[in-house]
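Beneath this line is the structure, given in structure tokens, with notes to follow.
The values are calculated or read from the model by the stated rules, or taken from the named source; none is laboratory data. Since this is a predicted model, take the numbers as computed values, not measurements. Glycine also receives a Cβ, built like all others from the backbone with ideal geometry; neighbour counts cover every protein chain displayed. Heads up: the accessible areas ignore ligands, DNA and RNA and are worked out on the full protein's heavy atoms, side chains in. Shrake-Rupley method; radii C 1.70, N 1.55, O 1.52, S 1.80 Å.
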Amino acid sequence: MKLKDLAHSRTGDKGDIINISIIAFDEKDYPKLEKLVTVAAVKKFLGETVQGNVVRYEVPNLGAMNFVMQKALRGGVTRSLRLDKHGKSLSSILLEMPLDITN
């Protein structure tokens, strides 16, 4: 199963920071997402794309989490040569993250 099977995302970028919100389609899946979509899992999945810290903010009453990623655009949107890895594209990549829901 992939993250996109349980959630959708909203995103934004400013300077060299990207934020990606992951929102459960169904509230009952939020605890699974909270357990599986950790800072470590996101950072590992995105690899070298995110050079700085990743912080997760939980919003359980909305069934959502917001990940703020520092140093993700090599200096900022207007300075980056990564034309396909700004906010919306990076959230689409993150939604492809595989989830092991057997645990």
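I'd like the FRET efficiency for Phe45 and Lys14, computed as 1/(1 + (r/R0)^6) with the beta carbon distance as r and R0 of 22 Å, rounded to 0.05.
The value I calculate is 0.50.
Enter the accessible area per residue of segment 3-73 (Å², integer; probe 1.4 Å; all protein chains in place).
Using a 1.4 Å probe on heavy atoms only, each residue of segment 3-73 averages 55 Å².
Calculate one ³J(HN,Hα) per residue across segment 49-57 by plugging θ = phi - 60° into the Karplus curve 6.51 cos²θ - 1.76 cosθ + 1.60, and present them in order as whole Hz with x for glycine and proline.
4, 9, 8, x, 5, 10, 10, 10, 10
Give me the Debye-computed log₁₀ of I(q)/I(0) at q = 0.23, 0.26 Å⁻¹ for segment 3-73, equal point scatterers on Cα only, no solvent, two decimals.
-1.00, -1.19
Whose amide H sits under 5 Å from the amide H of Phe25, counting only residues 5 or more places off or on another chain, with H placed in the peptide plane?
Here the answer is Ala7, His8, since their amide H atoms fall under 5 Å of that of Phe25.
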